[in-house]
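Novice: Take this structure, written in structure tokens, and hold onto it; I'll ask about it next.
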Amino acid sequence: MPYAPDPSLAAFIQSLPKTETHLHIEGALPLELLRRVAPDKFPDTTPPWWADDYRYADFPTFEKILIDHALLWFTSPERYHEAARVIFEGLAKQNVRYVETSFHLPVTQFIHADGEAIVEAIRTAAPEGMIVRVFVGMLRTDYTPELAPVIDRLGEWKHLAGVDLHGVETWALQPWTARVWRRIREAGKETKAHAGEFGGAANVREAVEVLGVHRVQHGVRSIEDPQVVELLRQNNITCDVCPISNVKLAVVPSMREHPIRQLFDAGIRCTVSTDDPFSFGNTLSEEYAALAMDLGFTRRELVRIARNGFEVALVDEATRAGFLDELARIEAALE
Ligand SMILES: [Zn+2]
């Protein structure tokens with residue numbers, strides 16, 4: 001457990017209604033389910049990459065380890081449902097009330113499953129009191145003859161919340177992407193893109209200016225270009241940041257040097273999430289603890305982080321007001 005806050009801080013973090021807005025469902029595979037299908041995997045121990053000082057060699061290593069394990073479990077919509085139930089229960093215990101999670105569209109080809117059935121499988125796993133929004137993620141190279149017809153119809157998927165651009169940022173953005181992203185918004189859905197993680201600030205600019213997203217997944221390397229930080233601020237862009245992920249993937253040298261501090265101080269709306277807890281061994285509460293313990297976030301600032309998630313949540317205004325009121329009461333009770 002990398003972050004063990006004192007009891008008072010732990011209780012405060014627990015008391016905050018929270019959001020998780022950057023979560024890959026396959027990357028959240030619960031260990032107990034993996035052990036059921038592959039009993040030889042970590043029988044009575046935890047994966048080596050859960051160690052505090054573990055650092056992935058590079059993105060392909062991270063991806064390979066994740067895929068090799070996730071595909072043992074995620075073989076059908078029913079398996080997605082079962083995993084989502086366990087994942088959401090774990091989040092509910094941390095007082096998470098709103099979740100945005102994406103599943104990886106190419107998996108539908110490997111397992112010959114219907115993507116809309118997977119959306120339903122995940123969505124209907126939400127426990128009482130939790131709102132779940134399901135996104136599909138795809139790579140920059142996924143507009144293939146097999147997947148293009150599926151991607152072109154995503155706007156018609158009734159319960160799909162939106163799309164996310166996953167994966168390797170160093171591959172060039174292909175022309176189809178901006179067209180698809182625009183159509184998804186025209187269909188009333190949200191669009192996101194991973195940028196500014198393994199790619200630099202220019203990728204964040206591209207996500208905003210070319211893809212037109214208001215939700216950047218990570219975006220932390222915006223800090224390398226003050227003009228991109230200004231672009232985010234002026235366009236009211238939200239960065240769904242995953243601090244522990246960034247440390248373990250060596251996107252940043254250490255938590256103390258994580259740029260979420262400067263982005264937050266510059267007025268950028270940042271949220272925190274866990275990204276892939278199977279790969280990092282992290283919890284959402286630990287992400288909050290990391291901000292407080294290594295980056296000097298005050299309790300008032302932690303309330304702000306929680307608020308940010310509800311401000312961009314895909315909910316009706318009365319529901320949003322309810323969450324924001326609850327946080328306002330917690331903030332008012334602070335010294
Ligand atoms: Zn991610």
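Novice: How do 306-318, 265-277 rank on mean C-beta neighbours within 10 Å, highest first?
Specialist: Values: 306-318: 17.6, 265-277: 23.2.
Going from most to least packed, we get 265-277, 306-318.
Novice: Moving on. So if I restrict to the alpha-carbon atoms in segment 7-332, what is the Rg, and what is Dmax, the biggest pairwise distance, in Å?
Specialist: Rg and Dmax of segment 7-332, Cα atoms, are 18.5, 55 Å.
Novice: While we're here: Of all the Cα-Cα pairs you can form in segment 115-246, what percent are over 19 Å apart?
Specialist: Details: 4378 of 8646 pairs.
It works out to 51 percent of all Cα pairs.
Novice: How much mean residue ellipticity at 222 nm does the chain get from its helices, if each DSSP H run of length 4 or more adds -39500 (n - 2.57) and you divide by all residues, to the nearest 500 deg cm²/dmol? Let's see the in-between values first.
Specialist: Details: 16 runs with 154 residues, N = 335.
Value at 222 nm, helices only, nearest 500: -13500 deg cm²/dmol.
Novice: Give me the net charge of Ala250's neighbourhood, meaning all other residues with Cβ under 13 Å from the Cβ of Ala250; Lys, Arg count +1, Asp, Glu -1.
Specialist: Numbers: positive: Arg55, Arg221, Lys248; negative: Asp53, Asp58, Glu197, Glu257.
My count for the surroundings of Ala250 gives -1.
Novice: How do Ser102, Ser8, Ser285 rank when sorted from fewest to most other Cβ atoms within 10 Å of their own Cβ? Please list the in-between numbers first.
Specialist: Values: Ser102 27, Ser8 9, Ser285 21.
Ascending Cβ contact count within 10 Å gives the list Ser8, Ser285, Ser102.
Novice: Also, quick follow-up: Please list the helices of the chain that count as membrane-span-like by this rule: a mean Kyte-Doolittle hydropathy of at least -0.5 together with Cα atoms stretching 15 Å or more along the helix axis, each helix being a complete DSSP H run. Please report the intermediate quantities before stating the final value.
Specialist: Details: long enough: 59-73 (22 Å, 0.70); 77-93 (24 Å, -0.54); 175-186 (18 Å, -1.26); 284-295 (16 Å, 0.51); 299-312 (21 Å, -0.54); 317-332 (22 Å, -0.13).
Both cut-offs are met by 59-73, 284-295, 317-332.
Novice: For a label point 7 angstrom out from the Cα of Glu326 toward its Cβ, which stretches of segment 96-122 have the backbone nitrogen within less than 12 Å?
Specialist: Within reach of a label on Glu326: 96-99.
Novice: Would you mind counting up the charge near Gly281? Only other residues with Cβ under 11 Å from its Cβ, with Lys and Arg at +1 and Asp and Glu at -1.
Specialist: Values: positive: Lys248; negative: Asp52, Asp276, Glu286.
It works out to a net charge of -2.
FYI, it's all coordinate maths here, none of it is from the lab. Everything numeric here is computed off the predicted structure, so don't read it as measured data. Cβ: placed from backbone, ideal geometry, glycine included. Neighbour counts: every protein chain shown.
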